1. Using DSSP H assignments, which helices in the chain have an axial alpha-carbon span of 20 Å or above and a mean Kyte-Doolittle hydropathy of -1.0 or higher?
2. Please list, in chain and number order, the residues 5+ apart from Asp192 or on another chain whose amide H is under 5 Å from its amide H, with Hs placed from the backbone.
3. First compute the accessible area of region 1-86 with a 1.4 Å probe, then give the percent of it belonging to carbon and sulfur atoms.
4. Set the bar at 28 Å for Cα to Cα. Now go through Lys78/Lys107; Lys72/Lys107; Lys72/Lys226 and name every pair that lies beyond it.
5. Under unit Cβ charges (Lys, Arg +1; Asp, Glu -1), what dipole magnitude, rounded to 20 debye, does the chain have relative to its Cα centre?
6. Calculate for the chain the 222 nm mean residue ellipticity that helices alone would give, adding -39,500 (n - 2.57) per DSSP H run of length 4 or more and normalising by residue count, nearest 500 deg cm²/dmol.
7. Enter the per residue convex hull volume of the chain, computed from alpha-carbon coordinates, in Å³ rounded to the nearest integer.
8. What fraction of the Cα pairs in region 201-247, stated in percent, has a spacing above 15 angstrom?
Amino acid sequence: MQAVFFPFRLLYFIYVAIVFIVLMLLVLPVLLVAVPMGAIRGGNLLFHACKIWSDVWMALCGIYSPRIYAWKGPIPEKCIYVANHISYLDIPMIFKCVRKPIRILGKAEMAAVPVFGLIYKMAVVMVDRRSPEKRAASIRRLRAVLRSGISIFLFPEGTFNETGAPLKEFFDGAFRLAIEMQVPVQPVLFPDTMERMHYKSLLELNPGKCRSVYLEPVPTEGLTMKDLPTLKAEVHRRMEAGLLACR
């Protein structure tokens, strides 16, 4: 049966890839305007351009993304967003999920992707975990972003979760930064991205529903580094329970 549908999947993939590239090329002029505006104003302008890119691309792909608020209270104005990571589709989902300017912590290797890499360098705080010096520079930039009133978005699992469990173990970085800067952690779930595009193959992309689910934010006011393991475990517990509930 898979062999019967393969030509249709291939044609769909070619279509969405062409649309992806064309829309990326349309964002490039915004990049030229944004660079001289500086890291804050220029970065915010590019964020809005990427938000429009994500809206249009996903709509043309037939993917719709409702935002669900399991938490009925207010979303923090300045926070560290954390989400599960299991698909390349998680990246455009960030812009569908969060509608005000943020900065994303991303892998330095992605900057090598043609066309996309140029935009990626401006929109993302890149981290190269192979270099302690570059890793420290990324942390300094994240602190500066938070001081300017802009939130951070990252994936605490670090890489794709290929374990079969709802979540992998979290790295400390997001929670260390949240405690240091005394900003809340805002958990967000992407429960459907693997169904829309499996991490094993880009050809698995398919149309359908792709939810983003906001959980209750976790405050860090008054916490110290001694509380880091407890904070990390609590966020992991809430996100794991939320993912299981979404199934």
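1. 2-34, 41-61, 132-147, 228-246
2. Arg211
3. C and S atoms contribute 77 percent here.
4. Among Lys78/Lys107; Lys72/Lys107; Lys72/Lys226, the Cα-Cα distance tops 28 Å for Lys72/Lys107; Lys72/Lys226.
5. Here the chain has a charge dipole of around 440 debye.
6. The helix contribution divided over the chain gives -15500 deg cm²/dmol.
7. Expressed per residue, the convex hull around the Cα atoms of the chain is 130 Å³.
8. Roughly 61 percent, rounded to a whole number.
The values are calculated or read from the model by the stated rules, or taken from the named source; none is laboratory data. All values derive from a computational prediction rather than experimental measurement. With ideal geometry, Cβ positions are generated from the backbone for all residues, glycine too; neighbour counts draw on all protein chains shown. Quick note on the areas: whole protein, heavy atoms, side chains included, nothing else; ligands and nucleic acids left out. Shrake-Rupley method; radii C 1.70, N 1.55, O 1.52, S 1.80 Å.
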